[in-house]
Each structure stands twice: as C-alpha cells, then as structure tokens.
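Visitor: Submitted below is the structure of interest, expressed as structure tokens.
The values are calculated or read from the model by the stated rules, or taken from the named source; none is laboratory data. Every value quoted in this text rests on a predicted model; they were computed, and no experiment measured them. Virtual Cβ from ideal backbone geometry, glycine too; neighbours counted across all protein chains shown.
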Amino acid sequence: MNETNYFDHAGTTPMDPEVVQVMSEVLSHHFGNPSSIHKFGRDAYHLISAARKIIADSIFAKESEIIFTSGGVEGNNMAIISTALQNQDKGKHLIATAIEHPSVLRTMKFLENQFGFEVTFLPVDDKGNISIEMFKKVLRVDTILVSVMFVNNETGVKLPIEEIGEILRTHPAIFHTDAVQAIGLLQIHPAKLGIDLLSVTAHKLNGPKGVGFLYKRENLLLNSFMHGGEQESGRRAGTENVAGIVGLQKAMELLNVEEKQRRLKEYNNFQELLLKKLDQEKVVYRINGDLGSHLPHILNLHLKNVSSNLALVRLDLKGFAVSAGSACTAGAITPSHVLTAMYGENHLALKEGLRISFGSGNTREQVKELAAELTALARNQL
Ligand SMILES: Cc1ncc(COP(=O)(O)O)c(C=O)c1O
C-alpha cells in the first residue's frame, strides 16, 4: 500500500522502520514473561524498565509515574473511572468538554448512568474552544475530577490546559488530560502544568497499535483498574506487551525536541501551502477550528457544496486518504459530535467537513496534489 498520499495521521500513523526493527528484535529474541524470575523473564523486565525510564524522562517525570496501558482509550477509562470511584465520598461532580474523544465522553456518561455522578460537559464556541470564564463558573466545591483534552482530534484546536492547571492548583479536583494528539508535537511537562493524569497512545506517533501509557502524578492514589496480577506495581494487571512497550519507547525517542520542532514547522508549511493553493483557485472553504490556538498536523476544512462522504470515496479512488471526522465516527454516518458542539445540529459543515492530517513522510508535492484534487472536487470535476 502506497503511504505517500496518506493524509489521515490523526487517525493513525505508519510505523517508523526503526520502531519495526526494535520490535522485531524483541518479538524474535525476548519472549520471556516480565514477571518470571528466571533469565528470560528478567530480560523482558529489563526492557520494560529501560523503556519506562526513557519515556518518563521525555515528559520530565519519574519512572514510578508511568503506567503502561493498551492505549488512549484504556488510559482515559482508567484515569476517569478509578478517580471517580475512589473519590466519590468527597463529591460526585465531574467536568469534561463536549468535544472529548468518545473514550472520555462515554466513560463520563457511564459514571452518570451507573453510579449517579453529575457531569458538566463544557460547551465550545464556533471555533471549537472552551471558555475559561465558563470553566470557573461550573467548577464547584464538590468537583472531584476535570478531564479536558490537550488537543482535539478532529479540529487540531489546542485547549487552555495551562490555565486550567493553574486554576486547579488551588482546588482539590484531579486534573486529567487526554494528550493523544498533542504529545507528538509538543514538549509536555505534566508536573509544571499541574496535570495529575495524562493519557498517551503509541500509534499516533509512528509507533505500534495497542500500547500506550498513563502518566500518574507520584502522590496521587489510583486504585487498580484492571484486577488480576501485580504487574505495573499492582496498578494495571495483565502480562505486559513487551514488544509494544519497546516500540513506544523507540517512537518517543525518535520524537525528540528537535524533531517535534521540525514537524511543527513542516506541518505549518503544509497547511499554508494547501490553503494558498485553494485560495489561488478560488475554492470556497471555511476552517473548522481556530488557527490561533491550534496544532498544525490537523486541518479541518468545510468545502462548500462538497459532501464529505462523497469526497472521501472520490479521494480514495484517486489514492488519497483523508477523513470526515475522527476515525471512530468516520465509519458510521453519524455526524461529528465535535462539529455539532461547535455549530449546532443543522449546520452544513456537519455534512461537508473534511479532516486532513499531516504526518512524517508527507511532502510538499503531495500537498500540492491534494490541493489540486480538492479543487477538482469543489468544481465538481472529480
Ligand atoms: C484524542 C484521542 N483520544 C483517545 C484516542 C484513542 O486511542 P486508542 O484507540 O489508541 O486507544 C484517540 C485515537 O483515536 C484520540 O484521537
């Protein structure tokens, strides 16, 4: 499969060859169970310990603050359910935004329906961001958990994590952020930002699927979410995905400060180039989101009079992969909950939104080709 016209990196990314290489080595030669005390087990255990150190260092954290998981969904479920159930004697109010990933939204709804929690879903404006004033208003003495994503996966909008962290320094609520779409481009220092819990998945970082981690601030108590063995110091039962963890380590190592900066610059350039080409061709579009508070790997466009579903199929036939929303909603015809939160239910952007997401391997040439295809689509010539 040709990856060159792949513009769906917010959905998932191709694996970096170096990641594949280190994982193959582990799969072929290091099969021990990290819990076994013999040489094979110790060998696997050492690989996990080394990965934990490198990953912890990359976010200025301690090794004891990293819990390996199966990815973002598990990290989000673990953070939210464990925190809520553990602290319900202190209050039953939770805050999230209306544009969280379904693994946050549905987990919050689950707690509401099954355990009687009260959840405030913060609305967003038509640029896809929340208001800090509104956040201050809804924060209550019985709020025990705030879960706000770092960067939205459909629009690329960056939420005001720094401000929320600052406000929560003087409030006992626990602060969780889903950093799945942010960690690949930003240097994140959870302790500095007042973040207690932070979820990451590897496959958005040119790493493997089915592995990620949850950062948990050292002194925060978090009961085990998966019950069984004593893995992850009793915090997450289940035999570790050793090759996946080593793959995650490699992916994060490759994304060092310089590489993140290089990518930020490159994706900004791609975005500018694409929009310039559309402008030159007088294509009528709007940006769903806010380029003023935004990460450039995601560009969500409303191409006037171009149905997203039709566009996806036509672009696919031409060898271009884009998305109509998040990967989870793209398979279904249901309109994007993010765009609905921004515009209401009947806005045309819900039927005419396209998410283009850049990644490593994309070139300016491909971006120009994509712009030409989008132009043809807008002129009904594709
Ligand atoms: C913002 C966000 N959170 C969580 C996830 C879930 O990650 P995973 O499916 O790897 O568990 C995704 C990926 O789709 C995402 O974009």
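Visitor: Got at least one residue in region 39-46 being surrounded by 15 or more Cβ atoms within 10 Å (Cβ to Cβ) and either within 16 Å of the ligand (Cβ to nearest atom) or acidic (Asp, Glu) (or both)?
Guide: There is at least one residue in region 39-46 that is surrounded by 15 or more Cβ atoms within 10 Å (Cβ to Cβ) and either within 16 Å of the ligand (Cβ to nearest atom) or acidic (Asp, Glu) (or both).
Visitor: I've got another one for you. Kindly evaluate LEU254 against the criterion of being within 25 Å of SER70 (Cα to Cα), of a type in the set (A, V, I, L, M, F, W, C) and out of contact with any Pro (no Cβ under 6 Å at 6 or more places or on another chain).
Guide: The answer is yes for LEU254.
Visitor: Here is a follow-up. Take THR4 and decide whether it is modelled with pLDDT of 95 or more and not assigned by TED's automatic domain parsing to the domain that holds PHE110.
Guide: No; evaluated as a whole, the condition is false for this residue.
Visitor: Return the only residue of ILE81, ILE67, ILE99, ILE95 being touching a residue at least 60 places away in the same chain (Cβ under 8 Å), part of a helix (DSSP H, G or I) and not hydroxyl-bearing (Ser, Thr, Tyr).
Guide: Going through ILE81, ILE67, ILE99, ILE95 in turn, the sole match is ILE81.
Visitor: Out of the residues in region 122-132 meeting the condition of being surrounded by fewer than 21 Cβ atoms within 10 Å (Cβ to Cβ) and either in contact with an Asp or Glu (Cβ under 8 Å, 6 or more places away or on another chain) or of a type in the set (S, T, N, Q) (or both), tell me which one is farthest from HIS302 (Cα to Cα).
Guide: My answer is ILE132.
Visitor: Any residue at all in region 357-377 that's among the basic types (Lys, Arg) and either within 16 Å of the ligand (Cβ to nearest atom) or in contact with a strand residue (DSSP E or B) (Cβ under 9 Å, 6 or more places away or on another chain) (or both)?
Guide: No, region 357-377 contains no residue that is among the basic types (Lys, Arg) and either within 16 Å of the ligand (Cβ to nearest atom) or in contact with a strand residue (DSSP E or B) (Cβ under 9 Å, 6 or more places away or on another chain) (or both).
Visitor: If you go through region 190-202 one residue at a time, do you hit one that is touching a Leu at 6+ places or on another chain (Cβ under 8 Å), among the charged types (D, E, K, R) and surrounded by 16 or more Cβ atoms within 10 Å (Cβ to Cβ)?
Guide: Checked against the condition, which is being touching a Leu at 6+ places or on another chain (Cβ under 8 Å), among the charged types (D, E, K, R) and surrounded by 16 or more Cβ atoms within 10 Å (Cβ to Cβ), region 190-202 yields at least one hit.
Visitor: Next question, about the same structure. Any residue in region 191-212 that's at positive phi and in the same structural domain as ASN152 (by TED's automatic domain parsing): show its pairings with residues that are surrounded by fewer than 24 Cβ atoms within 10 Å (Cβ to Cβ) and assigned to a helix (DSSP H, G or I) at Cβ separation under 6 Å, as long as the two are six or more apart or on different chains.
Guide: Taking only residues 6 or more apart or on different chains, the pairs are GLY194/GLY165; GLY194/LEU168.
Visitor: Residue check: is SER307 out of contact with any strand residue (DSSP E or B) (no Cβ under 9 Å at 6 or more places or on another chain), more than 16 Å from the ligand (Cβ to nearest atom), at pLDDT below 95 and under 13 Å from LEU354 (Cα atoms)?
Guide: Numbers: out of contact with any strand residue (DSSP E or B) (no Cβ under 9 Å at 6 or more places or on another chain): yes; more than 16 Å from the ligand (Cβ to nearest atom): yes; at pLDDT below 95: yes; under 13 Å from LEU354 (Cα atoms): yes.
Against the criterion (out of contact with any strand residue (DSSP E or B) (no Cβ under 9 Å at 6 or more places or on another chain), more than 16 Å from the ligand (Cβ to nearest atom), at pLDDT below 95 and under 13 Å from LEU354 (Cα atoms)), SER307 qualifies.
Visitor: When you go through ARG314, ARG262 one by one, which is the residue that is outside the structural domain of GLY184 (by TED's automatic domain parsing) and either in contact with a strand residue (DSSP E or B) (Cβ under 6 Å, 6 or more places away or on another chain) or modelled with pLDDT of 95 or more (or both)?
Guide: Of the residues listed, the single one that is outside the structural domain of GLY184 (by TED's automatic domain parsing) and either in contact with a strand residue (DSSP E or B) (Cβ under 6 Å, 6 or more places away or on another chain) or modelled with pLDDT of 95 or more (or both) is ARG262.
Visitor: Further question: Could you say whether any residue in region 108-121 is within 14 Å of the ligand (Cβ to nearest atom), crowded, with 21+ Cβ neighbours inside 10 Å and not charged (D, E, K, R)? Write out each step before concluding.
Guide: Restricting attention to region 108-121, the residues satisfying the condition of being within 14 Å of the ligand (Cβ to nearest atom) are 108.
From the residues that got through so far, the ones that are crowded, with 21+ Cβ neighbours inside 10 Å too are 108.
Still in the running and not charged (D, E, K, R): 108.
Yes.
Visitor: Please go through region 175-226 and pick out each residue that is more than 18 Å from ILE81 (Cα to Cα), small (Gly, Ala, Ser) and not in a loop (DSSP other than H, G, I, E, B).
Guide: The answer is ALA191, ALA202.
Visitor: For region 227-262, what are the residues that are outside any loop (DSSP other than H, G, I, E, B), in contact (Cβ under 8 Å) with a residue 60 or more places away in the chain and among the small types (Gly, Ala, Ser)? Spell out how you get there, then give the answer.
Guide: Keep residues of region 227-262 that are outside any loop (DSSP other than H, G, I, E, B), which gives 231-234, 242-254, 257-262.
Filter again for in contact (Cβ under 8 Å) with a residue 60 or more places away in the chain, leaving 231-233, 242-254, 257, 260.
Once the filter is applied, which keeps residues that are outside any loop (DSSP other than H, G, I, E, B), in contact (Cβ under 8 Å) with a residue 60 or more places away in the chain and among the small types (Gly, Ala, Ser), region 227-262 yields SER233, ALA243, GLY244, GLY247, ALA251.
Visitor: Still on this structure, I have one more. Evaluate the following for LEU222: is it surrounded by 15 or more Cβ atoms within 10 Å (Cβ to Cβ) and modelled with pLDDT of 95 or more?
Guide: On the way: surrounded by 15 or more Cβ atoms within 10 Å (Cβ to Cβ): yes; modelled with pLDDT of 95 or more: no.
Here the answer is no, as LEU222 does not meet what is asked.
Visitor: Among residues belonging to region 56-93 that are of a type in the set (A, V, I, L, M, F, W, C) and within 16 Å of the ligand (Cβ to nearest atom), point out the one that is surrounded by the fewest Cβ atoms within 10 Å (Cβ to Cβ).
Guide: Filtering first and then ranking leaves ILE81.
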